[in-house]
Amino acid sequence: MRKPAKAKRSLAPDPKFGNVVISKFINQIMRRGKKTVAQKVLYRSFDLISVKTKQDPLQIFESALRNVSPVLEVRPRRIGGANYQIAVEVRPERRQTLAMRWILNAVRERKGAATAAKLAEELLAASKKEGAAMKKREDVHRMAESNRAFSHFAR
């Protein structure tokens, strides 16, 4: 028998912008519990974005997340001894989490500059529907599209 579902914890908004989504993103950036380091990285990248584009970095961040977040993904399902990849719609919470994860993976794969500069570049690219995180989203959508034939197996 399954255990009951865990209650969702509410997250405190970040200190500078008062935004819960930014707070989640800071937690995703964070390594080894060093939250202040993660905050500095994000806020520096926001400063770089505002200097480069003369726009509100919060709007660029939100558009980047919106652009990178997937609509469909594939989930494996075992039917009659065969594994099928079934295209399913992504829940909003998971959509946001995947977008954040893909952006940060793209940032960590980039070589050279400081993390704040790489993050600023990736957020700008994602807001323009370019970059490695957008490529990942397109790959996931392409995979879901090609496996549409098995969607009748979904419950």
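Given the condition buried (at least 20 other Cβ atoms within 10 Å of the Cβ), over 22 Å from Lys24 (Cβ atoms) and touching a residue at least 60 places away in the same chain (Cβ under 8 Å), answer yes or no: does some residue in the stretch 129-146 qualify? Within the stretch 129-146 (the criterion being buried (at least 20 other Cβ atoms within 10 Å of the Cβ), over 22 Å from Lys24 (Cβ atoms) and touching a residue at least 60 places away in the same chain (Cβ under 8 Å)), the answer is yes, since at least one residue qualifies. Against the criterion of being without any contact (Cβ under 8 Å) to a residue 24 or more places away in the chain and polar (S, T, N, Q), Ser69 does not qualify.
Of the residues making up the stretch 10-50, those that are in contact with an Asp or Glu (Cβ under 9 Å, 6 or more places away or on another chain), under 22 Å from Leu98 (Cα atoms) and small (Gly, Ala, Ser) are Ser23, Ser45.
Of the helices (runs of 4 or more DSSP H) lying entirely inside the stretch 78-155, those containing at least 2 residues that are under 25 Å from Ile22 (Cβ atoms) and more than 14 Å from the chain's Cα centre (by Cα) span 115-127.
Here the condition is being buried (at least 17 other Cβ atoms within 10 Å of the Cβ) and in contact with a strand residue (DSSP E or B) (Cβ under 9 Å, 6 or more places away or on another chain); of Tyr43, Tyr84, it holds for Tyr84 alone. Between Glu138, Glu121, Glu109, the distinction of being charged (D, E, K, R) and either closer than 19 Å to Val71 by Cβ or touching a Lys or Arg at 6+ places or on another chain (Cβ under 7 Å) (or both) belongs to Glu138 only.
Any read-out appearing in this document is the output of simple, stated calculations on the displayed coordinates, not a laboratory observation. Computed from a predicted structure; not experimentally measured. Note that we place each Cβ from the backbone using ideal geometry, even for glycine, and neighbour counts take in every protein chain shown.
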